1. Using only Cα atoms, tell me the angle between helix 128-148 and the longest principal axis of the chain; keep it within 0 to 90° and round to the nearest 10.
2. What order do you get for 55, 105 when you list them from fewest to most C-beta neighbours inside 10 Å?
3. Testing the spin-label approximation: label points 7 Å from Cα along Cα→Cβ at residue 53 and residue 7. State their distance in nm.
4. Please report the relative contact order for the chain, taking Cα pairs under 8 Å with a sequence separation of at least 6, and give it as a percent rounded to a whole number.
5. Listing 104, 89 from the residue with the fewest other Cβ atoms within 10 Å to the one with the most, what is the order?
6. In deg cm²/dmol and to the nearest 500, what is the mean residue ellipticity at 222 nm of the chain if only DSSP H runs of at least 4 residues count, each as -39500 (n - 2.57), divided by the residue total?
7. What is the P(r) of segment 1-75, as percent of Cα-Cα pairs per 5 Å bin from 0?
8. Taking the number of other C-beta atoms within 10 Å as the exposure measure, put 1, 136 in order starting with the fewest.
């Protein structure tokens, strides 16, 4: 599992409002360029599905995900169908009234061969795992900036 944590000088309710609104995700992610809800969904709730459109350099691709866990001001998770990765955020209040936010990703099943081949090709970056962790840092920095402004 990969995890990145940041402390934000804003209360959990403020941070939760930003993170649980998936329409914000394309603003913060270095690869996600658009998110579209599927099957009549229009917000994050357990079972809601969405399509993410991504870009890295010249490569463009989309994925379909489903929200698998949602606990107000605490946890939100989603499962990516194509890669078998579960992504999520954990929020914890800090003693000073701020919020500790952890973004994480974990493999929930073997990665399909076609995904492995694309990753090894270099089309979406040479060291995909390092790029994912760097992207998590960048995403959290952007969330922190939005929450603290």
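A short reminder: the numbers here are calculations on the coordinates, not readings from a lab. Keep in mind that this is a model prediction, so the values were computed, not measured. Note that each Cβ is placed from the backbone with ideal geometry, even for glycine, and that neighbours are counted across all protein chains shown.
1. Once rounded, the angle reads 30 degrees.
2. Lowest count first: 55, 105.
3. Result: 4.0 nm between the two label points.
4. Rounded, it is 29 percent for the chain.
5. Ascending number of Cβ neighbours within 10 Å: 104, 89.
6. Taken over the chain, the calculation gives -8500 deg cm²/dmol.
7. 3, 14, 21, 24, 21, 12, 5, 1
8. Ranked by crowding around the Cβ, least crowded first: 1, 136.
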